[in-house]
Amino acid sequence: MKGLQKLFIILPGLLIAAGAGSCNIDVTDSGKGRIVLGDSATIVTEHDAQYLEDAFTDLEDTAFEEQLRPDEDSFNNVAKAQQLAQQQQQDSIAKVKAEEQKQKEAQRKQEEEAKDKKKNVKNKKQTASQKKKAEEEKKKKRR
């Protein structure tokens, strides 16, 4: 437990010391301080073409112009957007109708199954009553 307490005391002390030691901003030697505009020591003068190459491609206006189609005016775009909206609305209506149809179909199947169960029960009762009658007739014939 004492070792853990010592760790909690020493660790923040080391962090504060390291932070204070790394904040030496008063250095004015070239290459060690901050970049100052107009300071000749901080100007980069590289002549080797290998290090002057662009690592990233620049975004140019031509790339955006290629994406825009100058032959289509905004009226056609609006008309196409409205047409797309109507198509989406019709598709959603058709989807809702299809789901309603499926629900009706499922409900109809359930009703048919319930009717079939009732018929089966009724048939079973009839066959049971018919069996009883047949047995009674046999008993009468035996007597």
**Study point:** In Hz, Karplus ³J(HN,Hα) per residue of region 127-135 (6.51, -1.76, 1.60; θ = phi - 60°; x = Gly, Pro)
**Key:** 5, 5, 5, 5, 4, 4, 4, 4, 5
Review point. Each label point is 7 Å from the Cα along the Cα-to-Cβ direction; what then is the distance between the points at Asn77 and Leu7, in nm?
Key: 6.2
Study note, to complete from the structure: The lysines whose Cα lies under 27 Å from the Cα of Lys131, excluding any fewer than 8 residues away in the same chain, are Lys115, Lys117, Lys118, Lys119, Lys122, Lys139, Lys140, Lys141
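Each reported figure results from applying straightforward, stated rules to the coordinates on display, with no laboratory input. The structure presented is a predicted model; accordingly, all values stated were derived computationally and were not measured. Ideal geometry is used to build each Cβ from the backbone, glycine not excepted, and the neighbour counts take in all protein chains shown.
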